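Heads up, the thing below is written out as structure tokens.
The values are calculated or read from the model by the stated rules, or taken from the named source; none is laboratory data. The model shown is predicted, which means the values in this text are computed figures rather than measured ones. FYI the Cβ positions are ideal-geometry reconstructions off the backbone, even for glycines, and counts take in every protein chain you see. Quick note on the areas: whole protein, heavy atoms, side chains included, nothing else; ligands and nucleic acids left out. Shrake-Rupley method; radii C 1.70, N 1.55, O 1.52, S 1.80 Å.
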6 protein chains.
Amino acid sequence: MDKATFDRGLEIRKSVIGREFVEKAFASADDFNRPLQELVTEYCWGAVWGREELPKKTRSFLNLGMLAALNRPHELKVHVKGALRNGLTRDEIREVFLQVAIYCGVPAAVDSFRIAREAFAEYEKEK
Amino acid sequence: MDKATFDRGLEIRKSVIGREFVEKAFASADDFNRPLQELVTEYCWGAVWGREELPKKTRSFLNLGMLAALNRPHELKVHVKGALRNGLTRDEIREVFLQVAIYCGVPAAVDSFRIAREAFAEYEKEK
Amino acid sequence: MDKATFDRGLEIRKSVIGREFVEKAFASADDFNRPLQELVTEYCWGAVWGREELPKKTRSFLNLGMLAALNRPHELKVHVKGALRNGLTRDEIREVFLQVAIYCGVPAAVDSFRIAREAFAEYEKEK
Amino acid sequence: MDKATFDRGLEIRKSVIGREFVEKAFASADDFNRPLQELVTEYCWGAVWGREELPKKTRSFLNLGMLAALNRPHELKVHVKGALRNGLTRDEIREVFLQVAIYCGVPAAVDSFRIAREAFAEYEKEK
Amino acid sequence: MDKATFDRGLEIRKSVIGREFVEKAFASADDFNRPLQELVTEYCWGAVWGREELPKKTRSFLNLGMLAALNRPHELKVHVKGALRNGLTRDEIREVFLQVAIYCGVPAAVDSFRIAREAFAEYEKEK
Amino acid sequence: MDKATFDRGLEIRKSVIGREFVEKAFASADDFNRPLQELVTEYCWGAVWGREELPKKTRSFLNLGMLAALNRPHELKVHVKGALRNGLTRDEIREVFLQVAIYCGVPAAVDSFRIAREAFAEYEKEK
């Protein structure tokens, strides 16, 4: 493990996903899933999100498009909330999912709009 | 067909994909694929790309992420060249595909980098 | 928007998905998802389902196969009920999902059969 | 192996895919891929295509939709030619792929139209 | 149907998925899904799992990787429990899903770890 | 970057993919794709393949199943050759792709068998 990359990743992950969520993920980790938590924090959040060549807002746009295409509703909800934290407006999120309708198909868009509305409601409560 | 939406779509499509490419697509269209050309021009390029709520550069970012996730190499190459026309730098495109490695997996990223290099070479020649 | 295409789409959508479902979707729409409702009604239901070159029954067959392949359970359930409205029998729906087992794999078929049974039960209640 | 199912499958496979193609596939099979040829002939073509509950034309419609969604260009080309043998017209095939544009996304449709045109040309030559 | 293949498949299916689960599946089968139960038992469990060229443990490894990639959570849970029955340890299952993170992307791994933990808990109760 | 993880990854990558292939990939890397080469070597090959909890042969089995499911022919060919280097026999590779037929569908298996035969031929020449 590269400690500096891990630490940078941990800070970014907390700022995007929420400090409480991330701390709980590590606190509840056991021998089974701790290696995943560590890999994701270093590799995903440190080595890639930690690169300064793209602003976090652009990375959130990308994630919304990719996660809708990949059909991963749990992660999509997490990253809709992350997108709000990174400054995307609801109008911008709507535009992403209209573009999803064209490129990934209408069912991908219908699912994404439903998940986004659930994410907005959760985000309001968590604030 | 909504003529105004179609016309706006045709202009945007030409500006992103290249005037020559689009004119050739319509010129070579026959009864089999003309309805696709018209549907795509009106809805994809007019009704969605034509919305002003997102800049074209952001729409290009989204397309690169979605097309890499969807595993559609022909369209990905078209839209890497479109992204260059919309002002993305090669460094920004590299960052997109590094993020693809994380979210869509390493094979999706390896394919996307190879296609991007082919697209860069074609773009140079077409200029 | 092309008003005639939208109106034709709205009628077809109601006839396939159910008048109540569609009216509720528009009644509960807000600024966030109204543009999706409008796009889907015009583009999906008007511009494509509205074409008379294929009977609605054939379009339902296609949707069952595509939605099973695309792994979109919510939309699949909606379209199993739509298929019943368009005159497919349960035996025909079973045949579709046996063919799904071969081409999309056994897990896609197992999921589709489970969703179909849920859809049949809901359809009975809604009648 | 159930010999009757295999034999029925072999006949159906030849009638849809072309006698020459299938005979060549078995003639060139070696220890590596003969088990696949046998499995596909018995289960895919015998146990499922051999069921009489759906006409072959409907099964071809389903395959075009599923293979476009699954993003399998080689098999899609084989089954566009099979669809022509089963009596689908080019207009019907066009309608399938317009519906693909809506449900699987525009890139899936663009790829499918390109493959269909290649298949039409090969089919003309092979006749 | 090949009776010997079906019978061998039924035994293997019960040994991997659980006798009670399989008996319940057949007992509750109706005209709609009985053909699927029969096809899956003969073709999936008899004709492929019944081949002795790979040990069941290796087949379980493969299924975990494929089902994570295919994004089929219900079947993935069934096969995590099957993998435990076939002798995989939780450490080995963890390694599979870390490799999923690299090849299928982080969201596929996050979903798979969550499902695995649910499967472990169910497995304990069912013992 | 963690230098020890990168170095371990580089050695494993060379042993699986071929020394010449990997050295050429780094030699031809430019500012555009060098970050991908480094990320893949450190995380994919060092941080995951470098874990000793699974033998390389098992990791090759997993990759064949996942890459067939993910529909990534270029990477699949690379990893069929890697599987041969890791000691899988052609009979074992055949068994993997028969199982792919069941879980990912017949078209995925047909594509995988074709790619495997190409990979076998290339492997013979490269020896």
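Screening residue B:53 against (1) without any contact (Cβ under 8 Å) to a residue 60 or more places away in the chain; (2) touching a Gly at 6+ places or on another chain (Cβ under 8 Å); (3) surrounded by fewer than 20 Cβ atoms within 10 Å (Cβ to Cβ) leaves a single unmet condition, (2).
Being over 16 Å from the mean Cα position of the chain (by Cα) and closer than 23 Å to residue A:40 by Cα is a description that applies to residue F:4.
For the range C:7-22, a tally of residues being within 19 Å of residue C:58 (Cα to Cα) and aliphatic (A, V, I, L, M) returns 3.
Residues in the range F:18-46 that are over 15 Å from residue B:112 (Cα atoms) and β-branched (Val, Ile, Thr): 2 in all. Would it be correct to say that residue F:60 is hydroxyl-bearing (Ser, Thr, Tyr) and either closer than 21 Å to residue B:69 by Cβ or out of contact with any His (no Cβ under 9 Å at 6 or more places or on another chain) (or both)? Criteria not met by residue F:60. The single condition among (1) within 15 Å of the chain's Cα centre (by Cα); (2) open to solvent by less than 30 Å² (accessible area, probe 1.4 Å) that residue E:102 does not satisfy is (1).
Scanning the range F:1-23 for residues that are of a type outside the set (Lys, Arg) and within 14 Å of chain A (Cβ to nearest Cβ) yields F:1, F:2, F:4, F:5, F:6, F:7, F:9.
Inspection of the range E:114-124 identifies at least one residue that is open to solvent by less than 20 Å² (accessible area, probe 1.4 Å) and within 24 Å of residue B:106 (Cα to Cα). Condition first: of a type in the set (D, E, K, R) and touching a Leu at 6+ places or on another chain (Cβ under 9 Å). Now tell me which residues in the range A:92-127 satisfy that. A:92, A:94, A:95, A:111 - these are the residues of the range A:92-127 that are of a type in the set (D, E, K, R) and touching a Leu at 6+ places or on another chain (Cβ under 9 Å).
Just one of the numbered conditions (1) farther than 19 Å from residue D:33 by Cα; (2) buried (at least 20 other Cβ atoms within 10 Å of the Cβ); (3) touching a helix residue (DSSP H, G or I) at 6+ places or on another chain (Cβ under 6 Å) is not true of residue F:59: (3).
Just one residue in the set C:106, C:110, C:78 is farther than 26 Å from residue E:63 by Cβ, modelled with pLDDT of 95 or more and β-branched (Val, Ile, Thr); that residue is C:78.
Residue E:76 satisfies every condition listed in (1) out of contact with any Ser or Thr (no Cβ under 7 Å at 6 or more places or on another chain); (2) open to solvent by less than 20 Å² (accessible area, probe 1.4 Å) except (1). Under 8 Å between Cβ atoms, which residue pairs at least 6 apart in sequence (or on different chains) link something in the range F:1-26 that is surrounded by fewer than 17 Cβ atoms within 10 Å (Cβ to Cβ) with a partner that is not in a helix (DSSP H, G or I)? Filtered contacts from the range F:1-26: F:1/A:2. Scan the range D:65-73 and give yes if some residue there is open to solvent by 10 Å² or more (accessible area, probe 1.4 Å), free of Cβ contacts under 8 Å to residues at least 12 places away in the same chain and of a type outside the set (Val, Ile, Thr), otherwise no. Yes.
For the range C:92-99, the count of residues that are of a type outside the set (A, V, I, L, M, F, W, C) and under 22 Å from residue E:49 (Cα atoms) is nonzero.
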